[in-house]
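The values are calculated or read from the model by the stated rules, or taken from the named source; none is laboratory data. Computed from a predicted model, the values in this text were never measured in an experiment. Cβ sites come from the backbone with ideal geometry, for glycine too, and all protein chains shown count toward neighbours.
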Amino acid sequence: MESAGIATTQISLIREHTEIIKPPRALWVSFPLGRPLGNPQDPKFQRDVIKHALSLLEYSTGPVLEDYPHDAVESKSVQVQMACPVNFAAQTGELTNQDDLFLKFRNEYSSMQTWHNLACEKRNLSILGVSSLTPDEIGDLFCNFISGNIEGTSIGGKQLSDILRMASEDLKTCYFEGLSAQPGESMDGTVFTNWFWGETHAAILINEVRKTCLQYAENDMILAGKLLLIPRSQLYRFNE
């Protein structure tokens, strides 16, 4: 399109990718993946994002990469009390004993699988399974990876970074779909996200996976640690 004389512009959610690709014009925004215009139901803010992106068309040549000057204020959803009767210990104090973390995670994950099975029976539908790993295999994968018991950066011909990312998605899906089986008021994605990353041992475990990825020299492992395992909007919970 550019070679035909048609100027283009875009919105970037991952600055590192845009710096490598070098499109003619791009506006980087600090919003969560999937929300390039910010929060839903905020048309004034969304129009401003679009105007900033279109303003880059004033540049006759590129590449141009500018930062959007505002963060999207997190939407204030109604806080729903979790009715799911599973004993999730909140993140009170730092867990320094690795074996203690593994034990608490496995107990929590086992309880959550019971509710996930109930949800599947009710809905006859699940999106679980992108990693092709069983729940036990997911638990073993994370614990062995954190413990340093996995050699190399591939397993069975697949990149380890991809396996970890997909296993993390399956873990979150198990928790999300399991909570859908709870009685009472339904919850939205923001409530689940804040609950999962703020109150579960699964989130603490994924953060340990993230930190371990950052110790590798391979770019795909570093990318997974920086961007693909924990939403940037939730990283503040794990700042050391």
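Here's a check for you: in region 148-166, which residue that is over 22 Å from the mean Cα position of the chain (by Cα) and surrounded by 12 or more Cβ atoms within 10 Å (Cβ to Cβ) is farthest from D99 (Cα to Cα)?
Let us first name the residues in region 148-166 that are over 22 Å from the mean Cα position of the chain (by Cα), namely 148-152, 155-157.
Now restrict to residues that are surrounded by 12 or more Cβ atoms within 10 Å (Cβ to Cβ): 150, 155.
Values: I150: 17, I155: 24 Å.
Among those residues, the one meeting the criterion is I155.
Working only within region 221-240, note down all residues that are touching a residue at least 40 places away in the same chain (Cβ under 8 Å) and in a helix (DSSP H, G or I). Walk me through how you get there before you give the answer.
First, pick out the residues of region 221-240 that are touching a residue at least 40 places away in the same chain (Cβ under 8 Å): 221, 223-224, 226-229, 231-234, 237.
Scanning region 221-240 gives M221, L223, A224, K226, L227, L228, R232, S233, Q234, R237.
Please go through region 212-222 and give me each residue that is within 12 Å of Q159 (Cβ to Cβ), out of contact with any strand residue (DSSP E or B) (no Cβ under 7 Å at 6 or more places or on another chain) and surrounded by fewer than 18 Cβ atoms within 10 Å (Cβ to Cβ), ordered by number.
The answer is Y216, E218, N219.
Exactly one condition in (1) under 26 Å from Q234 (Cα atoms); (2) in contact with a strand residue (DSSP E or B) (Cβ under 8 Å, 6 or more places away or on another chain) is not met by D71; state its number.
(2)
Give E218, E169 a once-over and let me know the one that is in contact with a helix residue (DSSP H, G or I) (Cβ under 9 Å, 6 or more places away or on another chain), in contact (Cβ under 8 Å) with a residue 12 or more places away in the chain and not assigned by TED's automatic domain parsing to the domain that holds F31. Before the answer, list the steps.
Working: E169 fails: in contact with a helix residue (DSSP H, G or I) (Cβ under 9 Å, 6 or more places away or on another chain).
Just one listed residue meets the conditions, E218.
Is it true that G129 is modelled with pLDDT under 80 and small (G, A, S)? Give the steps one after another, and end with the answer.
Numbers: modelled with pLDDT under 80: no; small (G, A, S): yes.
For G129, the condition - modelled with pLDDT under 80 and small (G, A, S) - is not met.
I'd like the full set of residues that are part of a helix (DSSP H, G or I) and out of contact with any helix residue (DSSP H, G or I) (no Cβ under 8 Å at 6 or more places or on another chain), limited to region 124-136.
We begin by selecting, within region 124-136, every residue part of a helix (DSSP H, G or I); these are 135-136.
Listed by number, the list holds a single entry, D136.
Considering only residues that are modelled with pLDDT under 85 and within 13 Å of the chain's Cα centre (by Cα), look in region 180-211 and name the one that is surrounded by the fewest Cβ atoms within 10 Å (Cβ to Cβ). Full working, then the answer.
Restricting attention to region 180-211, the residues satisfying the condition of being modelled with pLDDT under 85 are 180-192.
Retained after the next criterion (residues that are within 13 Å of the chain's Cα centre (by Cα)): 189-190, 192.
Numbers: G189: 12, T190: 16, F192: 18.
Checking each candidate, the answer is G189.
When the residues of region 27-74 are filtered to those that are polar (S, T, N, Q) and surrounded by 14 or more Cβ atoms within 10 Å (Cβ to Cβ), which remaining residue is modelled with the highest pLDDT?
Going through region 27-74, the residues polar (S, T, N, Q) turn out to be 30, 39, 41, 46, 55, 60-61.
Then keep just the ones that are surrounded by 14 or more Cβ atoms within 10 Å (Cβ to Cβ); that gives 30, 39, 46.
Numbers: S30: 86, N39: 85, Q46: 94.
Going through the qualifying residues, I end up with Q46.
Identify the residue in region 1-29 that is among the β-branched types (V, I, T) and in contact with a strand residue (DSSP E or B) (Cβ under 7 Å, 6 or more places away or on another chain) and, among all such residues, is farthest from G225 (Cα to Cα).
Pass one, region 1-29, residues among the β-branched types (V, I, T): 6, 8-9, 11, 14, 18, 20-21, 29.
Narrowing the set further to residues that are in contact with a strand residue (DSSP E or B) (Cβ under 7 Å, 6 or more places away or on another chain) leaves 8-9, 11, 18, 29.
Working: T8: 31, T9: 29, I11: 23, T18: 18, V29: 20 Å.
Of everything passing the filter in region 1-29, T8 is farthest from G225 (Cα to Cα).
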